[in-house]
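**Student:** Quick one: structure below, then a few questions.
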Amino acid sequence: MSQSVSSNPNQSFVQQDVIAPSRPPSNLVGPVAWVREHLFGGVFNTSATILIVLFLAWVVPPFLDFVLFDAVWVGTDREACIFNEAHPIVGACWAFIKDRFSFFNYGTYPIPERWRVDLFFALLTIAVIWLLKLSLPRRDLGALYAFIILPVVSYFLLIGSPTLGLPIVTTNLWGGLLVTVVVSAVGIVVSLPLGILLALGRRSTMPAAQVFSVAFIEFVRGVPLITVLFMASVMLPLFVPREFEPDKLLRALVGVALFASAYMAEVVRAGLQALPKGQYEGAMALGLSYGQMMRLIILPQALKVTIPNIVSNYIGLFKDTTLVVIVGLFDFLRTIETARIDPIWAAPTVSPTGYVYAAIFYFIFCFAMSSYARTIEQRLSKADKR
Amino acid sequence: MKKWVATAALVAGALMGASMASAGTLDTVKSKGQVVCGHGQGLAGFALPDAQGVWRGLDSDVCRALAAAIFNDPNKVKVVPLTSKDRFTALQSGEIDVLSRNTTWTLSREASLGLEFAGINYYDGQGFMVRKSLKLASAKELSGASVCVQQGTTTELNLADFFRANKLELKSVTFATNDETTKAYDAGRCDALTTDASGLYSERLRLAKPDDHIVLPEIISKEPLGPSVRKGDDQWLDVVKWTQFVLVTAEELGVTQANVEAMLKSENPEIKRLLGTEGKFGESLGLTNDWGYRIIKHVGNYGESFERNVGQGSPLKIARGLNALWNKGGLQYAPPIR
């Protein structure tokens, strides 16, 4: 029987085509199955899902009510946001943010000169995009622009220069977003190179460099930033004659930058130590000088593995800038705190609104930094997956 | 080590002394072209940047009046925002010329911190706020009441003293920050809220229903607030002191920002001396003789400044109370200009 089948393929009872595989049972594929497997795949999983959904149902609707549905969008003073018969429930008072928006951005920077701050923000944005977007052309020029031209131009733009026809705007007038951006930008830009130098110094075999780096790093890490800023603002003026006393903002900038550098140094050192010794020995065996070895072999790899830590350092630094309030500077958060106590806008929800606005602002910046770092990480990790 | 510290202190002292002694503050201010004025980091009604970022308030007006007297331009003020910790250092080190930052005049501050108070531009003191529904007329009826208070402040101490002195039973509920204290009171955690009276008025606006609350008339502590200057520069002290007196005198004589031009032709000898049309009082202070006129023209008199910043012209609506003129039941009194 079997022989006849194979010898005559035209017999009608033989299946000619390959049968298409039948679909798996409906409870194993499709959205329902996905939900079953991922959300309700066991006692623990199911209870976790239920708890989280309940939690979200408890938290999200009131938050949305406050931020969006009950919010007040227009108004010129507290009348718009107080509780009365016309509006017994008042959510976020966005009218307040709108009214004080320019104060949050510029602080007490003189109004006729505020275009200079706008121009600075624009120049900074160009620099950031040019440096960070890998597909843009001539990124070497971008680096020159961002690290040499921009700081010099910004200095004269923001401080002013009578010879260029820009009136001087002393830093005590700066405030809001401007101060936050300037302090964090300087901290971020200075801390990486300085941190690398300190990390190399710490691992160096030259005793002087090593002792200095270790002492600096350990001293700075052993003292809270707030203490250093406080010393700079309270003690320094007592010991330095009036004429040589550095500007308040400058004191804060130096403090923050040195601080960030010490922490950055430890992050970079972790990366240096993570590299196998063979990399160093291989580089030396090729006859590379110390500089070439670091520049071409060691640092690219070390920095690559430390990107997540570097970025979380930057994020921490960005948020730490709020501490400059200790020196009497009006950073972004401080301008909100100042505006919310203004009796013109005294209403029950004005303070929460201010803080929600601050939270959104800091979240956007920090999330942007971490997202960018993630894409860079993915790009660099392609080499490992090959 | 000890020797080293002593030497450092000596050098620092010498440098400070040198920078201070080199020129009087008034001359320094004139050569800088601006008055450097120490403010707080924002207090409603006293010194707070408005939406345009310009500092406004009762304390700001002191500095604006100084700038008006010296430069005939109230905007020649450089504001240095100071925390309560670094305010005195800033004055001692010469970073600021005048501290106008709702600072209470006390003996220890004047005796040991190297500063000199030039006057009192606001008589503050601790008060109580309660719900109208409690139908209380006096703080002495607060026996057994729970009182919300910020912890670790002199406010807490004054509260305990007041209740003990009046043999009242106190249940204080303490909170770490001002915000929490107000919120708790608004939520009904306590019957009364206590802090400085000026603060009570601004906190009241923050409540869900401001009109349901009243500030009781009793003031249980003395908090005279005023501008202060460095010790050892009497000329500058006089300038700040008499600028404040000009504001008060102008109110007493009915000279306002609006009628000051007309008042220049007044025959009243007191007004003539105030506005500088008679005598050389401004010059004897190191200013110009029309300094009084400049102050009123640019800033207004004390009453105008009060109403504009904390009184009926502002959302705070603080009653004049102790800050009324001496002949109207208050304490604001200026020695004669003559």
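Any read-out appearing in this document is the output of simple, stated calculations on the displayed coordinates, not a laboratory observation. Predicted, not measured: the structure shown is a model, and the values here were computed from it. Cβ placement follows ideal geometry from the backbone for every residue including glycine, while neighbour counts extend to all protein chains displayed.
**Student:** Over the Cα atoms of region A:225-353, what is the Rg over Rh ratio if Rh follows Kirkwood?
**Tutor:** Numbers: Rg = 22.0 Å, Rh = 18.3 Å.
For region A:225-353, the value is 1.20.
**Student:** In addition: Using 20 Å bins from zero, what percent of all Cα-Cα pairs in chain A falls into each bin?
**Tutor:** P(r) for chain A, in whole percents per bin: 19, 42, 27, 8, 4, 0.
**Student:** Can you check what the Kirkwood hydrodynamic radius comes to for region B:62-140, Cα pairs only, in Å to one decimal?
**Tutor:** 15.6 Å
**Student:** Now for a different question. Specify the residue with the greatest mean-square fluctuation among A:Val117, A:Val325, A:Val43, computed from a Gaussian network of chain A linking alpha-carbon atoms under 10 Å apart.
**Tutor:** Of A:Val117, A:Val325, A:Val43, the most mobile in the Gaussian network model is A:Val43.
**Student:** Okay, next question. Taking a label point 7 Å from the Cα of A:Lys304 along the Cα→Cβ vector, which residues of region A:362-386 have an amide N closer than 14 Å to it?
**Tutor:** A:376-386
**Student:** Given labels modelled 7 Å from the Cα in the Cβ direction, how far is it in nm from B:Lys32 to B:Gln52?
**Tutor:** 2.4 nm
**Student:** Calculate for the protein assembly as shown the 222 nm mean residue ellipticity that helices alone would give, adding -39,500 (n - 2.57) per DSSP H run of length 4 or more and normalising by residue count, nearest 500 deg cm²/dmol.
**Tutor:** Numbers: 31 runs with 378 residues, N = 724.
Dividing the helical sum by the residues of the protein assembly as shown leaves -16500 deg cm²/dmol.
**Student:** Provide the per-residue ³J(HN,Hα) series for region A:364-376, in order, calculated from phi with Karplus coefficients 6.51, -1.76, 1.60 and θ = phi - 60°, each as a whole number of Hz, with x at glycine and proline positions.
**Tutor:** Karplus values, whole Hz, x for Gly and Pro: 4, 5, 5, 5, 4, 4, 6, 5, 4, 4, 5, 5, 5.
**Student:** I need the fraction of alpha carbon pairs in region A:30-92 separated by more than 19 Å, rounded to a whole percent.
**Tutor:** Details: 1069 of 1953 pairs.
So the pairs more than 19 Å apart make up 55 percent of the total in region A:30-92.
**Student:** Could you check the simple spin-label distance between A:Ser370 and A:Val128, using points 7 Å along Cα→Cβ, in nm with one decimal?
**Tutor:** With each label point 7 Å from Cα toward Cβ, the separation is 1.7 nm.
**Student:** Multiply the residue separation of B:Ser108 and B:Lys171 by 0.36 nm, subtract the distance between their alpha-carbon atoms, and state the gained length in nm to one decimal. Could you put the intermediate results ahead of the total?
**Tutor:** Values: separation 63, 0.36 × 63 = 22.68 nm, distance 3.11 nm.
This chain segment gains 19.6 nm when fully extended.
**Student:** Let me ask something else about it. In square nanometres and to one decimal, what's the mean projected area of the convex hull around the Cα atoms of region B:43-93? Write down the numbers at each step before the final one.
**Tutor:** Numbers: hull surface 16.0 nm².
Average projection, Cα convex hull of region B:43-93: 4.0 nm².
**Student:** Something else now. Describe numerically, in nm with one decimal, the distance between label points set 7 Å from Cα along Cα→Cβ at A:Asn27 and at A:Ser12.
**Tutor:** Between A:Asn27 and A:Ser12, the simple spin-label model gives 4.1 nm.
**Student:** What number does chain B give for Rg over Rh if you use C-alpha atoms and the Kirkwood radius? If you can, show how the numbers build up before the last one.
**Tutor:** On the way: Rg = 21.8 Å, Rh = 21.5 Å.
Expressed as Rg/Rh, it is 1.01.
**Student:** Could you give the length gained by full extension between B:Trp326 and B:Glu307, i.e. 0.36 nm per residue of separation minus their alpha carbon distance, to one decimal place?
**Tutor:** Values: separation 19, 0.36 × 19 = 6.84 nm, distance 1.69 nm.
Gain on extension, B:Trp326 to B:Glu307, equals 5.2 nm.
**Student:** Please report, in debye to the nearest 20, how large the charge dipole of the protein assembly as shown is about its Cα centre when each Lys and Arg carries +1 at its beta carbon and each Asp and Glu carries -1 there.
**Tutor:** Values: 67 positive and 61 negative charges, 383 e Å.
Dipole magnitude for the protein assembly as shown comes out near 1840 debye.
**Student:** Considering Cα pairs under 8 angstrom that are at least six residues apart, work out the relative contact order of chain A and quote it in whole percent. Could the numbers behind the result be given before it?
**Tutor:** Working: 370 pairs, mean separation 69.9, N = 386.
Reported as a whole number, the value is 18 percent.
**Student:** Express in nm, to one decimal, how much length is gained between A:Thr49 and A:Leu288 on full extension, taking 0.36 nm for each residue of separation and deducting their alpha carbon distance.
**Tutor:** Numbers: separation 239, 0.36 × 239 = 86.04 nm, distance 5.69 nm.
Going from the current span to full extension adds 80.3 nm.
**Student:** With bins 5 Å wide starting at 0, give me the P(r) of region B:126-221 over every alpha carbon pair, in whole percents.
**Tutor:** That works out to 3, 15, 29, 29, 18, 5, 1, in percent per bin.
**Student:** In the Gaussian network model of chain A, springs joining C-alpha atoms below 10 Å, which of A:Gly41, A:Gly165, A:Gly187 carries the largest mean-square fluctuation?
**Tutor:** A:Gly41
**Student:** Using bins 10 angstrom wide from zero, how does P(r) for the protein assembly as shown break down, in % of all Cα pairs?
**Tutor:** 2, 11, 18, 20, 18, 13, 7, 4, 2, 1, 1, 1, 0, 0, 0
**Student:** Suppose a student asked you for the relative contact order of region A:284-366, using Cα pairs under 8 Å spaced at least 6 residues apart; what percent would you report?
**Tutor:** Here the relative contact order equals 20 percent.
**Student:** Got a sec? Charge dipole of the protein assembly as shown, +1 on Cβ for Lys and Arg, -1 for Asp and Glu; which of B:Gly127, A:Phe101, A:Ser371 is way out at the positive end?
**Tutor:** Comparing the listed Cα positions along the dipole, A:Ser371 ranks first.
**Student:** Inside 10 Å of the C-beta atoms of A:231-237, what's the mean count of C-beta atoms belonging to other chains?
**Tutor:** Averaged over the peptide's residues, the number is 4.
**Student:** Right, another one. Determine, at each q value in 0.23 (inverse angstroms), the log₁₀ of I(q)/I(0) that the Debye formula gives when each Cα of region A:278-341 is one equal point scatterer.
**Tutor:** -0.90
**Student:** I've got another one for you. Ratio of alpha-carbon Rg to the 2.2 N^0.38 Å globular estimate for region A:74-214, to two decimals, please. Write out the running numbers ahead of the final one.
**Tutor:** Working: Rg = 22.0 Å, N = 141, 2.2 N^0.38 = 14.4 Å.
So region A:74-214 has a normalised radius of gyration of 1.53.
**Student:** Of B:Leu134, B:Leu316, B:Leu82, which is the most mobile in a GNM of chain B whose springs link Cα atoms less than 10 angstrom apart?
**Tutor:** Looking only at B:Leu134, B:Leu316, B:Leu82, the largest GNM fluctuation is found for B:Leu134.
**Student:** Angle, helix A:114-132 long axis vs. longest principal axis of chain A, Cα atoms, 0 to 90°, nearest 10?
**Tutor:** 40 degrees
**Student:** To continue, here is another question. Sorting check: for B:140-148, B:88-96, which peptide has the highest mean count of neighbouring beta carbons within 10 Å, and how do the rest follow?
**Tutor:** On the way: B:140-148: 17.6, B:88-96: 21.3.
Per-residue mean Cβ counts within 10 Å order the peptides as B:88-96, B:140-148.
**Student:** Past the 31 Å Cα-Cα mark, which pairs from B:Lys231/B:Lys328; B:Lys30/B:Lys272; B:Lys78/B:Lys241; A:Lys248/B:Lys317; B:Lys85/B:Lys167; A:Lys98/B:Lys241? Write down the numbers at each step before the final one.
**Tutor:** Details: B:Lys231/B:Lys328 33 Å; B:Lys30/B:Lys272 26 Å; B:Lys78/B:Lys241 19 Å; A:Lys248/B:Lys317 36 Å; B:Lys85/B:Lys167 36 Å; A:Lys98/B:Lys241 40 Å.
In this structure, B:Lys231/B:Lys328; A:Lys248/B:Lys317; B:Lys85/B:Lys167; A:Lys98/B:Lys241 lie more than 31 Å apart at Cα.
**Student:** Got the relative contact order for chain B handy, in percent, Cα pairs under 8 Å and 6 or more residues apart?
**Tutor:** On the way: 607 pairs, mean separation 67.4, N = 338.
Across chain B, relative contact order equals 20 percent.
**Student:** Rounding to the nearest 20 debye, state how big the charge dipole of chain A is about its Cα centre with +1 on each Lys and Arg Cβ and -1 on each Asp and Glu Cβ. List each step's numbers first, then the result.
**Tutor:** Numbers: 28 positive and 23 negative charges, 265 e Å.
With Lys and Arg at +1 and Asp and Glu at -1, about 1280 debye.
**Student:** Sticking with this structure for a sec: Return the FRET efficiency for the residue pair B:Arg164, B:Lys265: r is the Cβ-Cβ distance, R0 is 56 Å, and the value is rounded to the nearest 0.05. Provide the component values of the computation, followed by the final result.
**Tutor:** Working: r = 59 Å, r/R0 = 1.05.
That gives a FRET efficiency of 0.45.
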